[in-house]
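Student: The structure under discussion is supplied below as structure tokens; questions concerning it will follow.
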Amino acid sequence: MVNKLSEGSNLIWESSRMILPEHKARIRAHDLTPPPKSRPALSEDRLTEINQRLSIAIETGVSMTLTYYKNKQHLSVTGSHLRLLNEATLEIETDKGYDHIPLNDIINLDNDLCFD
């Protein structure tokens, strides 16, 4: 049987030309979702450097950008007034309030201090 839209016997797949709005929205959302990232393995030297920067930032109260790992993504938060809530959690004050970040999830600390 010959079809009007395509030559040959492709009649079975003709219904797949239509996409529902819900499907189109889901395809776009999937395309915009960043790919999952793995947790980076930090060396002992890098962990020591992060610990030193964190200690200085807590003492001085300088504004900083903190990068951490959560839900297979690398997220960043900028704020000041850091304090340790307990042995495993850091609290940082941001424009939107307070964020609580596990110390094991911290990947990087950036601030304006010189650490040479």
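Student: Return the FRET efficiency for the residue pair N104, S76: r is the Cβ-Cβ distance, R0 is 25 Å, and the value is rounded to the nearest 0.05.
Tutor: The formula returns an efficiency of 0.90 here.
Student: By per-residue mean of other Cβ atoms within 10 Å, what is the highest-first order of 67-74, 103-110?
Tutor: 103-110, 67-74
Student: Here is a follow-up. Rank-order 36-42, 78-84 by packing density, defined as the average count of other C-beta atoms within 10 Å over each peptide's residues, highest first.
Tutor: In descending order of packing, they fall as 78-84, 36-42.
Student: Label 7 Å along Cα→Cβ of T33; region 64-108 residues with amide nitrogen under 14 Å?
Tutor: Answer for this model: 71-73.
Student: Sticking with this one: Label region 12-84 by shape, choosing from rounded, prolate and oblate, from the square roots a ≥ b ≥ c of the eigenvalues of the Cα gyration tensor; if a/c is under 1.5 it is rounded, and otherwise prolate applies when a/b is larger than b/c, oblate when it is not.
Tutor: Cα axes put region 12-84 in the prolate bin.
Student: Using Cβ counts within 10 Å as a stand-in for footprinting exposure, how do I101, I19, I58, I50 rank, fewest first?
Tutor: With the fewest neighbours first, I101, I19, I58, I50 line up as I19, I58, I50, I101.
Student: Here is a follow-up. Would you work out the Kirkwood radius for region 44-111? I mean one over the mean of 1/r across all pairs of different Cα atoms, in Å.
Tutor: After inverting the pairwise mean of 1/r, the radius is 11.9 Å.
Where a number appears in this text, it was derived from the coordinates with a stated rule and is not lab data. Since the model is a prediction, treat every value here as computed from it, not as a measurement. We place every Cβ from the backbone using ideal geometry, glycine too, and count neighbours over all the protein chains shown.
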